[in-house]
Structures are given as C-alpha cells and as structure tokens.
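J.: The structure under discussion is supplied below as structure tokens; questions concerning it will follow.
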Amino acid sequence: AFNGCAHTRTIMASEPPRKRWAVQHGQPDERKELLRHVQAVCGADVASLDARGVNPELLRKKAHQLLALSKQLGSSMKTAAPQVPTASRAEPSWPMFLCCLVTVVGLTLPYYVCIMYNSWFVDEAFAIYRNPDARGETKVWDVLQHDFWGTALNPPEGYITHKSWRPLITLMYAAEWQIASRLGFGGAEMKPMRLLSCLVHSCNAALVLLVLCALKLPLFWAGLGAALFAAHPIHIENIVYLVGRADSLSTLFYLLALLLYLRLVLPARGVSKGLPLLRG
C-alpha cells in the first residue's frame, strides 16, 4: 500500500550491513544514500493512500521514519563541516623552564659579593647605624610617628623632616639588626642585611620570568627578559646600598600582585597560561 516506504525498506534490507549502519548513523560520505531514501519515502502516492485503505498507524510510523532520516541527514551535514585547524604553540616543558629559572637566578649571584663588605655607605649611617629606630631601640608606636631617618613627623622647632615615612622598612631593619646581633654579627650587622637584599633581588628575577611566561611569551624571550633584569647593573644601588631596600621590596610585591592577577583573573575569562604552574 505504501510503495515508497516499501521501496525504502527493500533498499535498506538489500544493502550490506556495514553500508546500512553508515546510512542509519548519518556518516558524511553516505549523504547521497540518505537523500535517496528520503526521496523514496516522499515519493509515495499520498493522494491515493486513503482510497487504498492505508492504516493511519502505518502513516504515523512512516512519518517518524522520515523525521529520523531528516535528522540523520542534518547530522551528517554538520559532521561534514570543514574543521579549521588552529595553530597552537607548544608549551615549555618543566625541564626547560627549570633550566631557564636556574640560569636567571644564577645571574644574580655576582651581586652576593657585597656580603663581604664591612662598611656603611653614604646614608646607611644616618638611616640605620645612627638611627635608634632601625636598631630596634625604639618602641613600635614611636617608630610609626617618625620618618625614615628617625626624626619625628611633627618635629619641635629647630628640627626638620622631609616626611619620608617608611615604617615597615624601618621595622625590618630593626628586626635584622637584633637577629644579627644575637647571631654574633655585632659590629658587622650590614653583612646579613645585604644578604637579605641579595635574596630579594633573586626572588624578583625569578618572578619576572614567571610573569613573562604567564603573559604567553615564548620561553626564550621570557628568559632573555628575566636575565636582563637579573644582571642589569642598575640594581646595584638597591642591593649593596641598604637604603634602597624599599625599591626592591616594592618590586617584589607588585610582581606578586601581577602574578596573582594573571593567575586568578585570566582563567575566569577563559585565557590559558603558558606554564602548568600557573593553571588552575
């Protein structure tokens, strides 16, 4: 009674199992076969179906078959859509990154020679050696009311202050002075203090490398930039000259803040990182 559908069943039954499976599952290379089956179903003589007494359930069944065939055809069209290859840059491996990190930190080692210096330079005498605040001889509350040089922020008449208020640095000097004295460095407190300045610079160089990698720079260029930062002689003032500690520490904190921003904000926006260390 339903010649088109009967023809479809005949075609499907006569095809090899592998080809029949491909037609049923909408493989892209079988679109012509799907179109042929849809044409066979749609080509039924619908006008004469009622006169022939076709069962409505049979019509409903064949309609579902037609719908299934159309979905298979649509699926095959989507599957056949060309995939545009996306270029991806290979991420640096851990051994390569560690080698680069060791090289960058190693470039800071020449600065450690200043640990052997046994003198106070320029303003170090006023900011540390002659400053009771920096030697830990002043109460913390009083330190908070003094400038970097130990002068009151509201000095009495006859005294002046340039308002350079750095209480965290002053308290850091005081802690280092007290620890160095207890460890037997009395009279040579500047040596362990300069060691800490060198360590801060080494940490900064490593952080520069991490930040550049987080910004998706290739490891070669990230390492080159970090190496330039590590070895540049402009940092001598902030390492050997203890008064420049504030600059090194501010660099440390803003590099940490930038790294945390790249670590927490960019992943939320779907931006991946250059190193597994920086992934969530």
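J.: How many nm separate the modelled label positions at residue 67 and residue 94, each set 7 Å beyond the Cα in the direction of the Cβ?
T.: A separation of 5.4 nm, rounded to one decimal place.
J.: For residue 185 and residue 122 in one chain, what is 0.36 nm times their gap in residues minus the Cα-Cα distance, to one decimal in nm?
T.: Numbers: separation 63, 0.36 × 63 = 22.68 nm, distance 2.09 nm.
Fully extending the segment from residue 185 to residue 122 adds 20.6 nm.
J.: What's the ranking of 223-234, 247-258 by average number of surrounding C-beta atoms within 10 Å, highest first? Mind showing how you got there, number by number?
T.: Details: 223-234: 16.7, 247-258: 14.9.
Packing proxy ranking, top to bottom: 223-234, 247-258.
J.: Once label points are set 7 Å from the Cα along Cα→Cβ at both residue 164 and residue 144, what is their separation, rounded to one decimal in nm?
T.: Using points 7 Å along Cα→Cβ, the separation is 2.3 nm.
J.: Please work out, to two decimal places, the log10 of the ratio I(q)/I(0) at q = 0.19, 0.22 Å⁻¹ from a Debye calculation in which every Cα of region 152-239 carries one identical scatterer.
T.: Debye intensities relative to I(0), on a log10 scale: -0.93, -1.01.
J.: R0 = 30 Å: FRET efficiency of residue 129 with residue 228, Cβ-based, nearest 0.05? Walk me through the numbers on the way to the answer.
T.: On the way: r = 34 Å, r/R0 = 1.13.
So, using R0 = 30 Å, E works out to roughly 0.35.
Throughout, read-outs are computed from the coordinates displayed, never taken from laboratory work. Since the model is a prediction, treat every value here as computed from it, not as a measurement. Reconstructed Cβ throughout: ideal geometry from the backbone, glycine too, with neighbour counts over all protein chains shown.
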